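Engineer: Just dropping this structure here.
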Amino acid sequence: MDKGLKKDMQHQPEEVKIQLDKERTYRLDLNAYFELDMLYEDKEKTYHHLEADLLNMRPYAVRAFLWAGLVHEDPELTLEEVGKHIDVHNISQYSQVIYKLILGDKMQQKQEEKETNVKKK
């Protein structure tokens, strides 16, 4: 089996503890991305739209990303409940946590590509 494929198959999404109404475990896995996709499918927004809006700290995007990464541990959690805990004092903090996780996989992938290219030379 290809080493890269094997590593991809063993990859576990990073989990981060965050404080909302209580301490919760935030995880951006395939299920979270699915929830985002289903949430905005009717509005014809793609993941790339949501990610760009998250970077611009658009409130709906921060709330949606936060909810999607938390609903795995509490299926009854609603967008409105999540939104009750986001305000002008913490929205950038939540955005940074989320975006760090998104970029984490991309940054790791770029580092692995660099290492592969160095080995080939």
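Engineer: Could you go through the range 60-69 and let me know if any residue there is of a type outside the set (A, V, I, L, M, F, W, C), at pLDDT below 90, under 13 Å from the mean Cα position of the chain (by Cα) and part of a helix (DSSP H, G or I). Full working, then the answer.
Structural biologist: First, the residues of the range 60-69 that are of a type outside the set (A, V, I, L, M, F, W, C): 60, 63, 69.
Add one more test, that the residue is at pLDDT below 90, and what stays is none.
No, because not a single residue in the range 60-69 is of a type outside the set (A, V, I, L, M, F, W, C), at pLDDT below 90, under 13 Å from the mean Cα position of the chain (by Cα) and part of a helix (DSSP H, G or I).
Engineer: Next question, about the same structure. Given the conditions (1) more than 11 Å from the chain's Cα centre (by Cα); (2) of a type in the set (D, E, K, R); (3) open to solvent by 90 Å² or more (accessible area, probe 1.4 Å), which single one is not true for Lys100?
Structural biologist: (1)
Engineer: Given Leu39, Leu50, which one is under 15 Å from Ile102 (Cβ atoms) and either polar (S, T, N, Q) or free of Cβ contacts under 8 Å to residues at least 60 places away in the same chain (or both)?
Structural biologist: Leu50
Engineer: Given the conditions (1) surrounded by fewer than 14 Cβ atoms within 10 Å (Cβ to Cβ); (2) modelled with pLDDT of 90 or more; (3) outside any helix (DSSP H, G or I), which single one is not true for Tyr26?
Structural biologist: Every listed condition holds for Tyr26 apart from (1).
Engineer: Quick one: in the range 69-93, of everything that is touching a strand residue (DSSP E or B) at 6+ places or on another chain (Cβ under 7 Å) and buried (at least 16 other Cβ atoms within 10 Å of the Cβ), which residue is farthest from Val16 (Cα to Cα)? Break it down stepwise before answering.
Structural biologist: Let us first name the residues in the range 69-93 that are touching a strand residue (DSSP E or B) at 6+ places or on another chain (Cβ under 7 Å), namely 69-70, 72-73.
Of the ones still in play, those that are also buried (at least 16 other Cβ atoms within 10 Å of the Cβ) are 69-70, 72.
Details: Gly69: 10, Leu70: 10, His72: 13 Å.
Out of the qualifying residues, it is His72.
Engineer: Also, I was wondering about something else. Here are Gln12, Gln19, Gln111: which of them is open to solvent by 70 Å² or more (accessible area, probe 1.4 Å) and modelled with pLDDT of 90 or more? Can you show your working first?
Structural biologist: On the way: Gln12 fails: modelled with pLDDT of 90 or more; Gln111 fails: modelled with pLDDT of 90 or more.
Checking each option against the conditions leaves just Gln19.
The values are calculated or read from the model by the stated rules, or taken from the named source; none is laboratory data. What you are looking at is a predicted structure, and each value in this text was computed from that prediction instead of being measured. No Cβ is skipped: glycine too gets one built from the backbone with ideal geometry, and neighbour counts run over all protein chains shown. Accessible surface is based on the protein model in full, side chains and every heavy atom, while ligands, DNA and RNA are left aside. Shrake-Rupley method; radii C 1.70, N 1.55, O 1.52, S 1.80 Å.
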